[in-house]
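To keep things clear, I will list the structure first and then write my remarks on it.
The values are calculated or read from the model by the stated rules, or taken from the named source; none is laboratory data. Fair warning: this is a prediction, and the values are worked out from it, not measured in the lab. Every residue, glycine as well, gets a Cβ built from its backbone with ideal geometry; the counts of neighbours run over all protein chains shown.
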Amino acid sequence: MLSALSRPVIARHLVRAAREFGADALGHGCTGKGNDQVRFETALRTLAPDLQVVAPVRVWGFTRDDSIDYAEAHGIPITASREKPYSIDANLVGTRHRVRCPRRSLGGSPDGIFELVADVADAPTDSTEIVIGFEQGVPVSLDGVAMGLHEIMPALDRIVGSYGWGRLDMVENRRVGIKSRETYECPGALALMLAHSDLESITVERDLAREKTRLEPRWADLVYDGHWFSPLREALDAFIDSSQRYVTGDVRLALEPGRCHVTGRRSDHSLYDDGLATYDAHDSFRHEDAEGFVRLWGLSLTTWSERQGPGSGKTGSKTESEKG
């Protein structure tokens with residue numbers, strides 16, 4: 001998702017530049033194996049169906065070494081080299097490193113590739129806490145200081161990443177049908193997701209929360225597969241925006257070497273009612289209501305058990321008279 005989120009932004013700027021300069025075609029440098037060709041071309045043809053899209057690198061069929069040679073010959077600055085032949089993609093969300101994953105190897109990521117997340121051995125030994133503030137689901141402050149998301153994210157990257165938390169090493173299923181080893185560093189984004197989910201747990205009604213959880217993978221698939229500029233994504237956004245109406249409050253995260261976890265949350269819109277949840281003297285829950293509710297809740301199973309199930313005295317197999 002890290003790369004997928006940036007492609008619609010690039011595509012929009014490409015189309016704007018094409019219109020400004022009167023171009024009749026758009027181009028990208030993706031190969032034929034990756035997801036980005038799908039994301040770029042789908043977005044470009046959605047935004048500007050009248051413009052041709054060309055992909056020269058896909059036609060050339062460059063190897064990684066060919067690409068490095070071409071960049072060196074034409075003075076194109078790149079991070080990949082023969083000594084470090086993995087590619088890096090970075091944006092506000094984090095950094096992605098694409099490295100090889102030998103078929104029968106348990107090897108980890110190459111040394112020296114990580115930039116945002118420190119080794120756990122180098123993390124501070126003293127734990128610390130941070131507080132993230134949200135308004136209608138959007139991060140708006142860090143430790144009480146008002147900030148925009150573009151400021152909160154790098155600040156969290158520095159703080160959370162210093163504790164050695166925020167790396168992902170995984171094998172993805174690309175849209176073109178192959179598996180790809182991907183290594184991510186996104187400490188700030190992961191910390192925000194952790195805090196946001198926890199705040200939702202006290203501010204979003206149960207059925208709404210369940211439906212949002214069900215739809216989230218669909219939204220992610222749309223973005224991952226390059227359908228950012230689609231009516232379904234816009235419709236899901238409207239649902240998500242509505243679900244965030246009362247997701248306002250603060251979440252406290254504790255940081256320890258290699259660990260980030262929630263230690264507290266608060267919201268003026270919290271649905272947690274201590275009078276209902278407590279077993280103390282100020283309990284306001286009507287316990288006498290529970291008996292009828294429980295009886296009705298299990299009524300269908302009780303009826304089934306009496307007629308057909310273990311409570312009916314029948315084994316489920318035919319008797320001799322029934323067989324005859």
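Within the set of pairs 6+ apart or on separate chains, which have a first residue in the range 140-154 that is of a type in the set (S, T, N, Q), a second that is surrounded by 14 or more Cβ atoms within 10 Å (Cβ to Cβ), and C-beta atoms under 9 Å apart?
S141/V131; S141/I132; S141/G133; S141/F134; S141/M147; S141/I152; S141/D250
Okay, residues lined up against (1) crowded, with 16+ Cβ neighbours inside 10 Å; (2) within 30 Å of G22 (Cβ to Cβ):
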residue: A43; (1), (2): yes, yes
residue: A48; (1), (2): yes, yes
residue: L51; (1), (2): yes, yes
residue: G61; (1), (2): no, no
residue: D89; (1), (2): yes, no
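Within the range 222-235, which residues are surrounded by 14 or more Cβ atoms within 10 Å (Cβ to Cβ) and part of a helix (DSSP H, G or I)? Break it down stepwise before answering.
Filtering the range 222-235 for residues surrounded by 14 or more Cβ atoms within 10 Å (Cβ to Cβ) gives 222-230, 233.
L222, V223, Y224, R233, listed by residue number.
Which one is surrounded by the fewest Cβ atoms within 10 Å (Cβ to Cβ) among residues in the range 63-87 that are of a type in the set (S, T, N, Q) and in contact with a strand residue (DSSP E or B) (Cβ under 6 Å, 6 or more places away or on another chain)?
Here is the first cut: in the range 63-87, the residues of a type in the set (S, T, N, Q) are 63, 67, 79, 81, 87.
The next check asks that each one be in contact with a strand residue (DSSP E or B) (Cβ under 6 Å, 6 or more places away or on another chain); those that pass are 79, 87.
Working: T79: 11, S87: 15.
Selected residue: T79.
Do you know which residues across the range 164-195 are farther than 24 Å from F40 by Cβ and of a type in the set (D, E)? It would help to see each step written out before you state the result.
Within the range 164-195, the subset farther than 24 Å from F40 by Cβ is 164-167, 169, 187-188, 190-195.
Selection gives D169 alone.
Of everything in the range 141-174, what is under 19 Å from the mean Cα position of the chain (by Cα) and crowded, with 18+ Cβ neighbours inside 10 Å? Give them in sequence order.
Within the range 141-174, the first condition is being under 19 Å from the mean Cα position of the chain (by Cα), and the residues that meet it are 149-150, 152-154, 156-157, 160-161, 165-174.
Correct list: I152, M153, L156, D157, V160, G161, W165, G166, R167.
Using the structure shown, decide if D289 is more than 24 Å from R12 (Cα to Cα), part of a helix (DSSP H, G or I) and acidic (D, E). Before the answer, list the steps.
Numbers: more than 24 Å from R12 (Cα to Cα): yes; part of a helix (DSSP H, G or I): yes; acidic (D, E): yes.
Against the criterion (more than 24 Å from R12 (Cα to Cα), part of a helix (DSSP H, G or I) and acidic (D, E)), D289 qualifies.
Out of curiosity, is R181 in a strand (DSSP E or B), basic (K, R) and either touching a strand residue (DSSP E or B) at 6+ places or on another chain (Cβ under 7 Å) or modelled with pLDDT of 85 or more (or both)?
Working: in a strand (DSSP E or B): yes; basic (K, R): yes; either touching a strand residue (DSSP E or B) at 6+ places or on another chain (Cβ under 7 Å) or modelled with pLDDT of 85 or more (or both): yes.
The answer is yes for R181.
Across the range 245-271, which residue is surrounded by the most Cβ atoms within 10 Å (Cβ to Cβ) among those that are of a type outside the set (K, R), touching a residue at least 40 places away in the same chain (Cβ under 8 Å) and touching a Lys or Arg at 6+ places or on another chain (Cβ under 9 Å)?
Quick first cut of the range 245-271, residues of a type outside the set (K, R) only: 246-251, 253-258, 260-264, 267-271.
Keeping just the survivors that are touching a residue at least 40 places away in the same chain (Cβ under 8 Å) gives 246-251, 253-258, 260-263, 267, 269-271.
Filter once more, keeping what is touching a Lys or Arg at 6+ places or on another chain (Cβ under 9 Å): 249-251, 262-263, 269, 271.
Working: G249: 21, D250: 17, V251: 26, V262: 16, T263: 11, H269: 14, L271: 13.
It comes out as V251.
Would you please list the contacts, defined by Cβ atoms under 7 Å and residues six or more apart or on different chains, that run from a residue in the range 184-210 that is farther than 30 Å from G112 by Cβ to a residue that is among the aromatic types (F, W, Y)?
H196/F134; L199/F134; I202/Y272; T203/Y246
Tell me which residues, restricted to the range 110-146, are among the β-branched types (V, I, T), closer than 17 Å to L255 by Cα and touching a strand residue (DSSP E or B) at 6+ places or on another chain (Cβ under 8 Å). Step through it out loud before you land on a result.
Residues of the range 110-146 that are among the β-branched types (V, I, T), as a first pass: 113, 117, 120, 125, 128, 130-132, 138, 140, 145.
Subsequent filtering for residues that are closer than 17 Å to L255 by Cα retains 117, 120, 125, 128, 130-132.
Matches in the range 110-146: V117, T128, I130, V131, I132.
If you check every pair at least six apart or on different chains, which have Cβ atoms under 9 Å apart with a residue in the range 88-100 that is within 15 Å of E172 (Cβ to Cβ) and among the aliphatic types (A, V, I, L, M) first and a residue that is at pLDDT below 90 and not in a strand (DSSP E or B) second?
The qualifying pairs are V99/P85; V99/Y86; V99/S109; V99/P110; V99/I113.
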